[in-house]
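Chemist: Here it is: the structure, laid out below.
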Amino acid sequence: MPSPRRAAVIGAVACWAVATGYFAATGYRLDGLVPPGLPAAALLALGALAGGSYAAGYRVSPVAILGGLILSAPVLFEPAGAPDLSLGREIDSLALLIGAYVAGTLVVVEYAVRNPGRVRAWLTPRTIAIGVAGGILHAVVVRAIYTYVRHASIWDGSVVLEPFVLFVVSYLLFGQLLVGAVTAVMLVRYRLLTPVLGLTALFSWLSYRTWLSLEATRELGATSGISPQPDALYVALWFVPLTIALVLGGLEYLLRARVSAGLPGSGSVTE
C-alpha cells in the first residue's frame with residue numbers, strides 16, 4: 001500500500017484520466033478537462049481525496065466519492081453535438097467543484113470520527129476563540145465594503161423570513177465566518193501570512209472592479225444587469241477564497257518547514 005501522499009497523487013491523475021477517457025469514448029464534450037480547467041481541477045481534487053483517504057485506512061469516504069462520480073458522470077457534461085450552452089457548462093463545473101468540497105468535508109468528518117482525541121486536543125479554547133473572532137471580523141469587513149461599494153447601509157432590517165431566503169443567508173454567512181475563522185487560525189496559531197495577504201488582495205481587487213462597474217452604470221443612468229458583480233462571487237462562491245487560503249497556507253507551511261529543517265537549531269513553524 002503506497003503512502004497517503006503518493007496514493008493521493010496517483011488517485012488524482014487516475015481520476016482525471018479515467019473521466020477524460022470516459023467522456024471521450026461516450027461522445028461528450030471535454031471542455032475544462034482538455035485543456036485543464038475548473039472541471040479538471042475538481043476531478044484532480046476528488047481523485048486525490050479518494051486515493052489519499054483509502055491509503056490512510058478510510059473506507060467510507062473513498063467509496064462515497066467514487067460512487068458519487070460514477071452515478072453523476074452521465075449528467076455532468078453535454079454531448080459533443082449539443083448546442084454551445086456556456087451556462088450549462090458553468091453549472092456542470094460548479095457542481096463538480098461543490099462535489100469536491102462535499103468530498104473534502106466527508107473525509108474530515110471521517111477523520112474526526114476515527115481520531116476524536118486528536119480533534120479535542122487541537123480544538124483548544126484559544127483556537128476556538130481565534131476562529132470565532134476571525135470569522136466575525138471577516139464577515140463584518142466583507143459586508144461593510146460590499147455595501148459601501150453599492151452606496152447602501154450595512155443593515156436595513158428587510159430580511160424576509162422565508163425558508164429559501166433564510167437558507168441563502170445562512171449559507172453566505174456560514175461561508176464568510178468559515179473563511180475568516182480558517183484564515184485567522186492559520187495566521188495566529190501557525191504564523192502564516194500568505195492566506196491573509198492573498199484574500200485581502202483578492203477581495204480588494206474584486207471590490208475595485210465592482211466599484212468601477214457600478215460607477216459606470218450610474219453615470220449612464222442605467223440599472224445593473226442580472227450578472228453578479230465580481231465581489232458578489234467572493235461572497236457566494238466562498239469556497240473558492242477558502243481554497244486559495246488553504247493552498248497558500250499549505251505552501252507557506254511546507255516551505256517554512258523545509259527551510260527550518262535545513263537550519264541547525266531551528267524550531268517548529270507552529271506555536
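Values quoted throughout were computed directly from the atomic coordinates according to the rules given, and no laboratory measurement underlies them. A quick note: this is a predicted structure, and the numbers were derived from the prediction, not measured. Every residue, glycine as well, gets a Cβ built from its backbone with ideal geometry; the counts of neighbours run over all protein chains shown.
Chemist: Say R0 is 35 Å: what FRET efficiency, to the nearest 0.05, do Tyr208 and Arg59 get from their beta-carbon distance? Can you show the working numbers first?
Modeler: Details: r = 48 Å, r/R0 = 1.36.
For Tyr208 and Arg59, the calculated efficiency is 0.15.
Chemist: Can you figure out the FRET efficiency of Thr124 with Ile10, using R₀ = 41 Å and their beta-carbon distance, to the nearest 0.05?
Modeler: On the way: r = 35 Å, r/R0 = 0.86.
The calculated FRET efficiency here is 0.70.
Chemist: Using Cβ contacts closer than 10 Å as the measure, can you line up Phe23, Phe174 from fewest to most?
Modeler: Numbers: Phe23 21, Phe174 13.
If I rank by nearby Cβ atoms, fewest first, I get Phe174, Phe23.
Chemist: Could I ask something else about it? Arrange His151, His138 by Cβ neighbour counts within 10 Å, fewest through most, would you? Write down the numbers at each step before the final one.
Modeler: On the way: His151 8, His138 24.
Taking fewest neighbouring Cβ atoms as first place, the list is His151, His138.
Chemist: Sticking to Cα atoms, compute the Rg of the chain to one decimal and its Dmax as the biggest Cα-Cα distance, whole number, in Å.
Modeler: 21.2, 65
Chemist: Which three semi-axes in whole Å describe the equivalent ellipsoid of the range 123-261, each the square root of 5 times a Cα gyration tensor eigenvalue, listed largest first?
Modeler: Details: eigenvalues 196, 74, 27 Å².
With the √(5λ) rule applied to the range 123-261, the semi-axes are 31, 19, 12 Å.
Chemist: If neighbour count is taken as other Cβ atoms inside 10 Å, put Tyr58, Tyr234, Tyr171 in order from fewest to most.
Modeler: On the way: Tyr58 20, Tyr234 23, Tyr171 12.
Result, fewest neighbours first: Tyr171, Tyr58, Tyr234.
Chemist: Report the gain in length on full extension from Phe167 to Ala17: 0.36 nm times residue separation, minus Cα-Cα distance, nm rounded to one decimal.
Modeler: Values: separation 150, 0.36 × 150 = 54.00 nm, distance 3.67 nm.
Contour length minus Cα-Cα distance gives 50.3 nm.
Chemist: Here is a follow-up. Residue separation times 0.36 nm, minus the C-alpha to C-alpha distance between Leu30 and Ala257: what's the value? Spell out each step's value before the answer.
Modeler: Working: separation 227, 0.36 × 227 = 81.72 nm, distance 3.87 nm.
Here the answer is 77.9 nm.
Chemist: Determine the calculated [θ] at 222 nm for the chain from helices alone, applying -39500 (n - 2.57) to every DSSP H run no shorter than 4 residues and normalising by the residue count; nearest 500 deg cm²/dmol. Walk me through the numbers before you get to the answer.
Modeler: On the way: 10 runs with 203 residues, N = 271.
My calculation for the chain gives -26000 deg cm²/dmol from helical runs alone.
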